[in-house]
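Everything on this sheet refers to the single structure shown next.
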Amino acid sequence: MKRTSVALALVPLALFAAGCGAAAPPEAASVSSSSPAPTAAPTPPPSSPAAPSKAGPKPPTSTKEVEVKHAVDEPPTVTGVRFAEHGGFDRVVIDLKGGLPGYSVRWVSELVQDGSGEPIDVRGGAYLQVSMHPAGAHTQSGSPTWAGGPIFQAALGNVRNVVKTGDFEAVVGVGIVLDRKAAFRVTEQKKPDRLVIDVAH
């Protein structure tokens, strides 16, 4: 009789526990057919290779004077001189026809007229003298092939003026007037022929 009373007493306790939501043993998570399937995080697209650098030439670094010799059948002709400012340097281009002559680029204390030796009235902090030999800046009849001048105003980062210093006895002179002495470089270009002088700012 006592066992029956104990059993009956345990039934209400079990029902009470079920009504309070006693937790079931944990199970592995499952995905129902009505739930969207889990997706992995999107993979970022592979990075594209870096575009090639389009940086131009760097400014020159040497102040050393230059002298180059070229053997030519006929003296090349200077047809003009151009100049422009670039990143960190100025460029002076001497246009030629008929090849490249020998040349020297050196520092001078002032610019003078070839032949007479008279000083040319230009003021600057430093002067580069470009001398080309053999070369000419005139036709066979004597007409100039490099028009204008003799002083061409440049007003660039360092190049103040470009000067025609002469066309005498197969030597053509080009003076470069600078605000200050700076590194320079000389390069030869062909098709068309030209001599390029870069001067740092």
Per-residue HN-Hα couplings for the stretch 125-138 [Karplus 6.51, -1.76, 1.60; θ = phi - 60°; Hz; x = Gly/Pro]: x, 7, 9, 10, 10, 9, 10, 10, 8, x, 7, x, 10, 8
Residues whose modelled amide H sits under 5 Å from the amide H of residue 135, counting only those 5 or more places away in sequence or on another chain, are 171, 172
For residue 189 paired with residue 93, estimate the spin-label separation in nm (one decimal), with each label point 7 Å from Cα along the Cα-to-Cβ line. 0.4 nm
Each residue of the stretch 113-123 in order: what ³J(HN,Hα) in whole Hz does its phi give by Karplus 6.51 cos²θ - 1.76 cosθ + 1.60, θ = phi - 60°, with x for Gly and Pro? 6, 4, x, 7, x, 6, x, 9, 7, 9, 10
The stretch 74-80 - phi-based ³J(HN,Hα) in whole Hz, Karplus 6.51/-1.76/1.60, Gly and Pro as x: 10, x, x, 10, 7, 9, x
Under the rule of at least 5 residues apart or a separate chain, name every residue whose amide H is placed under 5 Å from the amide H of residue 112. 120
Report the antiparallel proportion of the DSSP beta bridges in the stretch 60-197 as a percent, rounded to a multiple of 5. 100 percent
Counting all Cα-Cα pairs in the stretch 72-117, those more than 13 Å apart amount in percent to 72 percent
Going from the alpha-carbon gyration tensor of the stretch 46-201, what semi-axes, largest first and in whole Å, does one get by taking the root of 5 times each eigenvalue? 29, 20, 13
Seen from all sides and averaged, what is the projected area of the convex hull of the Cα atoms in the stretch 72-148, in nm²? 6.5 nm²
Given 10 Å bins starting at zero, what is the percent of C-alpha pairs of the stretch 120-178 in each, up to the one with the largest pair distance? 23, 49, 24, 4
Calculate the tail of P(r) for the stretch 161-201: the fraction of all Cα-Cα distances greater than 13 Å, expressed in %. 66 percent
Length gained when the stretch residue 118-residue 62 is fully extended (0.36 nm per residue, less Cα-Cα span): 17.2 nm
With every protein chain left in place and a probe of 1.4 Å, what is the accessible surface of residue 61, to the nearest 10 Å²? 130 Å²
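The values are calculated or read from the model by the stated rules, or taken from the named source; none is laboratory data. All values reported here derive from a predicted model rather than from experimental measurement. Using ideal geometry, Cβ is built from the backbone for each residue, glycine included, and neighbour counts are taken over all protein chains shown. The area values use the complete protein model at the heavy-atom level, side chains included, leaving out ligands, DNA and RNA. Shrake-Rupley method; radii C 1.70, N 1.55, O 1.52, S 1.80 Å.
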